[in-house]
């Protein structure tokens, strides 16, 4: 499944009209005209956003910029749109006004509405506008209008005593109700011509333009407690819990630990270590698919720790990490450096591909545990443009963990990048070779004035199940490269030595 968010254009009109009819079967007479879409996309292209799923138009959001002081809080849809001419739009306005959002019913389980709202919020911040304002329909109000006033209906929806598909969604996206708008949209009989004036405030708004930073990336690290699961659904439930939390905190990435699914080895404990790992590998494809669906649903890029993969043709067992993008793409990395224990107990083989991954937050690198102890590997990734290195690990003892930690911290300094590590904690009795774990998730930085004095941006409590959420600023890396006290990447003696791929 490929999810793309992009500007709407007039060539999308036929699909837009068909999608809107499916979204609003009771309001087919209100379908947007091609002339209107052509005008909106011409005068404010950035404000007209659509989402496609596998190339098919699935969701649309339309917006204009208005000088809100000219309208105030008591207006109709016709007022704010200039009687549907959109002559009220002005690039010198102070508010992004939402005039339409709809999602094809076929794709409503993918949370595309939230993705559209996130795109609007990002646009509002980038344009340095004060807020997003809209008149929200209350399509379930007709079921309660004989006994509840609009005000009481709104209160009950806010208190979750009543569900309204539009208002409940907007409230969950941090829009605040301001007032009831009477006769806002006369053709909206389901809402009894009422609407709720809703507002989302841009906390980064400044009267001084171009002050907003857009280089902040939020990392979410999972310190995973090893525990027995009664079945794979219980495992999925725990995974989704963490993804949901990270999604609520607007994380751009979620990092799970190396081999975090090994509690599922328990039913195979009567087999040898290698045979039990091969049985676990049979679950990997389904787990990857499930986590990819979560990445799309919660709009977050997920690094699914690592899982075993068995090649039936060569009888080789690999330790593989998957990067599951929030737009539906899938990438993988096979652990290159295999530990003596992995060879002895599981007969694992190392992968052969070294590359950076392009994401919607820039170029990232991915290595697994022991890999980070080989400085050449992250250096090659840094030369390819990596800015954040993710390291899922699994360490049983404190000295094993300290090797990973100190090497990861060194890689951040050597390569002028951020390094995020996450591992498993706790005990796992009755699973061969997985009985104890020691871990402490952390995010390391270069060591210079713009970064924490100990070069640690954040770290979790050792050996405790928890999440670590950290913001990193890519602009600081750029400044370090050009103006740092030391400039490691630039000062290498390439006349004497160089690291390169064979």
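Nothing in this text is a laboratory measurement; each read-out follows from the coordinates by a stated rule. These numbers were taken from a predicted model, which means no experiment stands behind them. Backbone-built Cβ (ideal geometry, glycine too); neighbour counts: all protein chains shown.
Quick notes on this one:
- Segment 216-491: relative contact order as a whole-number percent, Cα under 8 Å and 6+ apart: 21
- Across all Cα atoms of segment 97-143, the radius of gyration (one decimal) and Dmax (whole number) stand at 13.0, 40 Å.
- In plain terms, the chain from residue 245 to residue 436 could stretch by 66.1 nm, reckoned as 0.36 nm per residue minus the Cα-Cα distance.
- Under 20 Å from the residue 482 label point (7 Å along Cα→beta-carbon), backbone N, segment 393-418: 415-418
- Rg over Rh for the chain works out to 1.03, both radii taken from alpha-carbon positions and Rh defined as the Kirkwood radius.
- Eigenvalues of the alpha-carbon gyration tensor of segment 131-285, scaled by 5 and square-rooted, set the equivalent ellipsoid semi-axes at 47, 24, 11 angstrom, largest first.
- Using the rule -39500 (n - 2.57) for each DSSP H run of four or more residues, divided by the residues of the chain, the 222 nm mean residue ellipticity is -8000 deg cm²/dmol.
- Peptide packing: for 255-262, 345-352, 32-39, 422-429, the average count of neighbouring Cβ atoms within 10 Å per residue gives the ranking 255-262, 422-429, 345-352, 32-39, highest mean first.
- Distance-filtered residues of segment 415-448 - backbone nitrogen under 17 Å, label point 7 angstrom along residue 471 Cα→Cβ: 443
- Protection proxy ranking of 233-242, 491-500, by the mean of other Cβ atoms within 10 Å over each peptide's residues and highest first, is 233-242, 491-500.
- Label positions at residue 203 and residue 4, each projected 7 Å from the Cα along the C-beta direction, are separated by 3.4 nm.
- The spacing between segment 409-484 and segment 244-288, judged by their C-alpha centroids, is 21 Å.
- Among 56, 335, sorting on how many other beta-carbon atoms sit within 10 Å of each Cβ, with the fewest leading, yields 56, 335.
- The per residue volume of the convex hull around the alpha-carbon atoms of segment 1-84 is 114 Å³.
- Mean separation of Cα contacts under 8 Å (6+ apart) over length of the chain, as relative contact order %: 11
- Gap separating the Cα centres of segment 153-228 and segment 21-86, nearest whole Å: 18
- Rough spin-label spacing in nm, given labels placed 7 Å along Cα→Cβ, for residue 14 and residue 232: 4.2
- Cα shape, segment 150-239, gyration tensor, a/c 1.5 rule: oblate
- Rounded, prolate or oblate (a/c below 1.5 giving rounded, otherwise prolate when a/b exceeds b/c) for segment 216-491 by Cα gyration tensor: prolate
- Overall form of segment 302-381 per C-alpha gyration tensor (a/c, 1.5; a/b vs b/c): oblate
- Estimated FRET transfer efficiency (residue 494, residue 43; beta-carbon r; R0 56 Å; 0.05): 0.65
- Here, segment 3-201 has an Rg and a Dmax of 16.0, 46 Å when only alpha carbons are counted.
- D_trans [Stokes-Einstein, Kirkwood Rh over alpha-carbon pairs] for segment 445-494, 20 °C, 1.002 mPa s, µm² s⁻¹: 167
- Here each label is just a point 7 Å from Cα along the line to Cβ, and for residue 147 and residue 313 those points are 6.6 nm apart.
- Once the Cα-Cα distance is subtracted from the 0.36 nm per residue extended length, the residue 159 to residue 285 segment shows a gain of 41.3 nm.
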